[in-house]
1. Measure nothing but the geometry: give the 0 to 90° angle between the long axis through the Cα atoms of 11-22 and the longest principal axis through the Cα atoms of the chain, rounded to 10°.
2. Quick one: if you stick a label point 7 Å off each Cα along the C-beta vector at Ala32 and Ser76, how many nm between them?
3. For the chain, give the percent of accessible area contributed by carbon and sulfur heavy atoms, probe 1.4 Å, rounded to a whole number.
4. Among Gln18, Gln44, Gln53, whose mean-square fluctuation peaks in a Gaussian network model of the chain (Cα, cutoff 10 Å)?
5. State in Å² the accessible area per residue of the chain; use a 1.4 Å probe, count heavy atoms of protein chains only, and round to the nearest integer.
6. Compute the FRET efficiency between Gln21 and Asn65 as 1/(1 + (r/R0)^6), taking r as their Cβ-Cβ distance and R0 = 22 Å, and round to the nearest 0.05.
7. Given a 10 angstrom Cα cut-off, can you work out which residue in Gly37, Gly57, Gly23 is the most mobile in a GNM of the chain?
Amino acid sequence: MNTAGAAAASPQSYLQKQAAQLGINNPKSGVASSFAGSSWQSIQGDAQVRGAQYTYGLFTTLHNNHFYTLTQLAPSSTYADEEKLVFAPTRLSFRFL
């Protein structure tokens, strides 16, 4: 997103647009998280991908007047395990340089 667009939109509205583009059904707002030295808004929801049920986790932050978005995707049946074993540790390793 360009600088002018970032200044005009909120992270939550940006997440809602991203969820709609991905075809996420019933996205639910998550709790704010802090990693990479920024506060991140999140939403989570399900989508059909090639006939299988997947869960998306989307995180976004506004940093230096630009949105940064992290998209997580795993089969719905294993998403909670992936969150603990892969996604959370990966998020904690991020840094803005």
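The values are calculated or read from the model by the stated rules, or taken from the named source; none is laboratory data. The model shown is predicted, which means the values in this text are computed figures rather than measured ones. Cβ: placed from backbone, ideal geometry, glycine included. Neighbour counts: every protein chain shown. Surface areas here come from the heavy atoms of the whole protein model, side chains and all, with no ligands, DNA or RNA. Shrake-Rupley method; radii C 1.70, N 1.55, O 1.52, S 1.80 Å.
1. The angle comes out at about 40 degrees.
2. 3.0
3. 54
4. Among Gln18, Gln44, Gln53, the largest mean-square fluctuation in the Gaussian network model of the chain belongs to Gln53.
5. For the chain, the solvent-accessible area averages 60 Å² per residue.
6. So, using R0 = 22 Å, E works out to roughly 0.50.
7. Of Gly37, Gly57, Gly23, the most mobile in the Gaussian network model is Gly37.
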